[in-house]
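These notes are about the structure you will find just below.
The values are calculated or read from the model by the stated rules, or taken from the named source; none is laboratory data. This one's a predicted model, so the numbers in the text were calculated from it and none came from an experiment. FYI the Cβ positions are ideal-geometry reconstructions off the backbone, even for glycines, and counts take in every protein chain you see. Areas reflect the complete protein model, heavy atoms only, side chains present, ligands, DNA and RNA absent. Shrake-Rupley method; radii C 1.70, N 1.55, O 1.52, S 1.80 Å.
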Amino acid sequence: MAATGAHLGHYVKRNGRFLLNNIEQLWAYRGFGWTSALRQQAAEANKEPTDAIVIPRKKTWSKEAVLAALASTTSRDPTAYSYGFQDDPFLYPRTSNEFSTYTLAMESGRSAAKYFVNNNPKFFTKDFAEPHIPCLMPETVSLLLEEVSEEALKERISLRKVSAAVEMYDQLLQAGTAVSMETSHDLLDLICLYCDRDPVQEGEEENLGQTGEPQPKKRLKLRETPDYLKSTWKENNNAERIFNLLPERDTRCYSALIRGMVKYRENDKAFNMYTDLLNNRVTADVHTFNALIKEAPFVREKFNDKWDLILELLNQMNQQKVRPNLLTFNSVLKSLRSCGPIAKTMAFQVLAEMKALGIAPSLATFLHLIYIYARPGSNDQRNIQILQDILPELEGISFTAQDPDDFLFFTNAIKLCLDNKELELAYRLYSVVEHGENWGMVGDPYRQSMFYGRFFTLLCGMEHVDVVLKWYRRLIPSMLYPNSQTLLELLQALDTDSRLDLLPSMWKDFCSLGHDRTIVLIEEILSLMARDQHKPEVQESFAECALDMRKAFYAETGRSNPQWNASSLSNVTSLLLRANNTKQAWEIMTIFRSRNIVPPAKLLEEFLTACHNNGLTQMAVQLVQVSAAFCLSATPGLAKRVLAEFIVTEEQRDILTQLASAEEMESKQQMESKQQMESTGEMESTGEMESKEEMESTGEMESTGKPSE
């Protein structure tokens with residue numbers, strides 16, 4: 001019976017369209033009318049053939065499609081460290097210095113492994129990866145062709161062997177073999193790119209000076225030094241020599257030399273080469289113009305002259321019918337930053353021209369606009385206005401790198417928000433970073449720490465502490481390794497909203513982040529906990545936190561331990577006294593004497609009160625003796641207070657009475673000596689006045705030549 005029902009349902013479903021058409025005809029014969037919408041639907045159904053089969057188009061998936069689909073289902077774990085360190089949990093960085101050290105260590109190991117793989121390819125012949133990962137396989141780094149031929153020259157160019165390529169080119173010319181123009185172009189590009197020097201290959205270290213002698217190794221840096229600071233463009237180098245040897249010099253030859261000169265800051269020679277290009281009636285390409293526009297402000301001094309040179313280059317592009325690209329307009333805007341007041345007027349014209357040509361701006365475009373219209377470091381309404389105008393153009397867009405300056409935008413924009421205390425704009429900027437793959441446009445780890453550190457600093461100063469703590473859990477340590485200044489601002493946020501009860505838990509987090517021996521944080525936390533009186537349970541947690549901080553001063557590690565000072569010792573003692581840990585507080589008091597640190601009188605009074613509440617007479621007497629050892633003026637008062645409030649023995653009474661009288665005698669002697677010094681000073685001042693009057697009268701007589709009456 002079930003099988004029969006299923007068969008009937010399948011039949012009805014397959015023939016539903018046929019039944020609908022017949023029912024429509026039946027109702028039409030009976031004279032009942034449908035609505036116009038139903039008639040149109042029925043008409044369309046009649047037109048479709050009942051037996052039409054639509055074959056879907058074949059979809060070709062990439063080999064990484066499954067991995068991409070799986071990656072899209074996951075999000076960043078705010079409690080986890082960066083994925084780059086998850087292979088070795090022991091090396092999880094906790095501070096920014098450790099992050100830099102571990103990152104450099106990983107890069108060094110990766111480069112060493114790459115060097116070994118490339119120089120010993122015979123040991124790495126099997127490839128098990130699916131899909132194939134080229135970076136894990138050996139690369140050809142050794143020369144295979146030794147004969148003098150153009151193919152050998154191409155091999156040396158592809159392997160970036162500058163000296164070997166130049167030598168092979170000279171051998172080909174000496175042998176009378178003509179080199180194709182395409183190969184000559186590649187050779188010129190290689191020489192100009194590396195300034196006629198062999199680049200440092202991956203896994204190797206450049207440790208030879210110009211004399212060929214080993215040089216001391218330099219310390220590795222996370223941020224590399226620009227190429228133009230490492231090398232200089234020499235006169236008549238191989239690039240210029242080969243350029244002069246070419247029988248025909250076209251656009252690409254001139255472009256290679258001009259861009260190389262610009263890269264290594266030979267701006268005057270670059271413009272001279274461009275003049276030679278114009279004299280030979282050769283058309284420059286867009287890359288040549290981009291390089292010259294970017295360096296135009298460095299060859300002129302006055303603002304008007306700089307802009308005139310940029311405008312002249314743009315007019316020549318128009319005359320030579322060279323279409324500008326995004327880098328052209330970015331170069332113009334970057335050069336306008338050095339043109340003073342003219343920049344604000346001309347930047348709008350540049351943007352209008354970009355829009356007319358249909359060129360979409362990149363992050364570098366907006367970066368240059370911020371530099372032109374905003375005043376960094378100042379609280380100016382114009383700074384807010386330019387950022388408010390820019391953010392709508394960024395929201396909802398996923399950016400890709402098109403300009404080297406793209407990676408500088410977010411760090412400078414968040415600095416603008418921080419300087420002007422614009423929290424709403426900072427939130428909007430952060431949402432732009434989180435959209436799509438824009439997080440990769442923040443830059444290297446150094447710039448990432450700058451961006452997230454400035455964002456968190458702004459939150460600490462502007463948001464409620466609950467919101468600050470939410471972002472604290474979200475950003476640390478997955479995106480930010482905070483320094484001591486950032487954590488101090490977090491403590492200030494807790495103090496502003498009266499949430500000092502969270503200080504013990506914050507201290508545990510600081511220890512996990514590697515700040516357990518940062519004396520600035522220790523002193524600040526102790527100061528906040530000891531400033532006011534709190535509930536008993538809060539005071540207990542404060543006392544435990546203070547004892548935990550005490551361990552930092554005696555930890556046996558390779559790092560240097562912080563040193564005690566008067567404020568930290570006083571705060572720890574006060575916190576222990578408020579939690580009725582008098583015994584441990586007395587252990588801290590002994591540190592005052594052992595390190596020759598003078599305790600404040602207020603702390604001694606507080607300690608004496610705790611001794612009275614707990615009935616510790618002997619400790620109270622010892623406290624007065626400690627005060628007397630430091631010759632404090634509060635000693636007589638402490639001694640009298642112990643005699644009045646405590647039940648003491650005869651021996652203790654004698655000691656206290658002697659301390660009180662000794663201090664009184666000493667103070668009396670000090671008062672007498674002070675009065676004697678004051679009287680002596682008065683006599684000396686009287687004698688000085690008399691001698692001064694004598695000298696004035698004598699001078700009067702000398703000036704008039706007559707005795708005074």
Among the candidates THR275, THR345, single out the residue that is in a helix (DSSP H, G or I), over 28 Å from TYR194 (Cβ atoms), hydroxyl-bearing (Ser, Thr, Tyr) and open to solvent by 20 Å² or more (accessible area, probe 1.4 Å). THR345
Among the residues of segment 143-196 satisfying the criterion of being on the phi > 0 side of the Ramachandran plot and crowded, with 18+ Cβ neighbours inside 10 Å, which is farthest from the chain's Cα centre (by Cα)? ASP196
Which residues, taken from segment 605-622, are surrounded by fewer than 21 Cβ atoms within 10 Å (Cβ to Cβ) and of a type outside the set (D, E, K, R)? THR609, HIS612, ASN613, ASN614, GLY615, LEU616, THR617, GLN618, MET619, GLN622
Residue pairs within 9 Å by beta carbon, gap of at least six or interchain, first lying in segment 67-94 and of a type in the set (Val, Ile, Thr), second modelled with pLDDT of 75 or more, listed first then second, are THR79/ARG473; THR79/PRO477; THR79/SER478
Would you mind stating whether ARG110 is touching a residue at least 12 places away in the same chain (Cβ under 8 Å), open to solvent by 70 Å² or more (accessible area, probe 1.4 Å) and within 30 Å of PRO477 (Cβ to Cβ)? no
For segment 349-363, enumerate the residues that are loosely packed, with under 13 Cβ neighbours inside 10 Å and within 26 Å of VAL433 (Cα to Cα). LYS355, GLY358, ALA360
Count of residues meeting criterion [in contact with a helix residue (DSSP H, G or I) (Cβ under 7 Å, 6 or more places away or on another chain) and open to solvent by 60 Å² or more (accessible area, probe 1.4 Å)] in segment 278-291: 2
Hey, could you check segment 244-260 for residues that are without any contact (Cβ under 8 Å) to a residue 60 or more places away in the chain, of a type outside the set (Gly, Ala, Ser) and assigned to a helix (DSSP H, G or I) and say which is surrounded by the most Cβ atoms within 10 Å (Cβ to Cβ)? ILE258
In this structure, is PHE348 more than 18 Å from PRO404 (Cβ to Cβ) and of a type outside the set (S, T, N, Q)? yes
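Conditions tested, residue by residue: (1) touching a residue at least 12 places away in the same chain (Cβ under 8 Å); (2) within 30 Å of ASP501 (Cα to Cα).
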{"position": "THR590", "(1), (2)": "no, yes"}
{"position": "LEU608", "(1), (2)": "yes, yes"}
{"position": "ASN614", "(1), (2)": "yes, yes"}
{"position": "ALA620", "(1), (2)": "yes, no"}
{"position": "VAL624", "(1), (2)": "yes, no"}
{"position": "VAL642", "(1), (2)": "yes, no"}
{"position": "ASP654", "(1), (2)": "no, no"}
Confirm whether ALA347 is out of contact with any Leu (no Cβ under 9 Å at 6 or more places or on another chain) and among the aliphatic types (A, V, I, L, M). no
Cβ contacts < 8 Å: first residue free of Cβ contacts under 8 Å to residues at least 24 places away in the same chain, restricted to segment 165-186; second residue open to solvent by 10 Å² or more (accessible area, probe 1.4 Å) and assigned to a helix (DSSP H, G or I), any location; separation 6+ or different chain. Result? MET168/ARG156
With a cut-off of at least 2 residues that are closer than 26 Å to LEU608 by Cα and in contact with a helix residue (DSSP H, G or I) (Cβ under 8 Å, 6 or more places away or on another chain), name the helices (runs of 4 or more DSSP H) lying wholly within segment 474-587. 519-531, 536-552, 566-578
Does ALA543 satisfy the condition of being small (Gly, Ala, Ser), in contact (Cβ under 8 Å) with a residue 12 or more places away in the chain and open to solvent by 10 Å² or more (accessible area, probe 1.4 Å)? no
State yes or no: is PRO226 at pLDDT below 90 and open to solvent by less than 70 Å² (accessible area, probe 1.4 Å)? yes
Can you find a residue that is in a loop (DSSP other than H, G, I, E, B) and closer than 30 Å to CYS192 by Cβ anywhere in segment 366-387? no
Which condition number does VAL442 fail, the rest of (1) touching a residue at least 12 places away in the same chain (Cβ under 8 Å); (2) under 18 Å from VAL332 (Cα atoms) being met? (2)
Mind listing whichever residues of segment 95-145 are in contact with a Phe, Trp or Tyr (Cβ under 6 Å, 6 or more places away or on another chain) and under 27 Å from ALA68 (Cα atoms)? PRO138
Being over 23 Å from LYS344 (Cβ atoms), modelled with pLDDT of 90 or more and charged (D, E, K, R) narrows GLU463, GLU437, GLU393, GLU422 down to just GLU463
I need the full set of residues from segment 404-442 which are closer than 19 Å to MET479 by Cβ and open to solvent by 50 Å² or more (accessible area, probe 1.4 Å), in order please. PHE407, LYS415, TYR427, ARG428, SER431, GLU434, HIS435, GLU437, TRP439
Those residues of segment 107-158 which are hydrophobic (A, V, I, L, M, F, W, C) and not in a helix (DSSP H, G or I), in sequence order: PHE124, PHE128, ALA129, ILE133, MET137, VAL141, LEU143, LEU144, LEU145, VAL148
Return the residues of segment 496-508 that are open to solvent by 30 Å² or more (accessible area, probe 1.4 Å) and either in contact with a strand residue (DSSP E or B) (Cβ under 7 Å, 6 or more places away or on another chain) or over 20 Å from TYR554 (Cα atoms) (or both); say none if nothing qualifies. THR496, ASP497, SER498, ARG499, ASP501, LEU502, SER505
Report yes if some residue within segment 509-527 is under 29 Å from GLY443 (Cβ atoms), open to solvent by 30 Å² or more (accessible area, probe 1.4 Å) and of a type outside the set (S, T, N, Q); otherwise report no. yes
Per the list (1) in contact (Cβ under 8 Å) with a residue 60 or more places away in the chain; (2) open to solvent by 30 Å² or more (accessible area, probe 1.4 Å); (3) not charged (D, E, K, R), residue check on THR140 breaks on (1)
From GLU64, GLU98, which residue is surrounded by 10 or more Cβ atoms within 10 Å (Cβ to Cβ) and in contact with a Pro (Cβ under 7 Å, 6 or more places away or on another chain)? GLU64
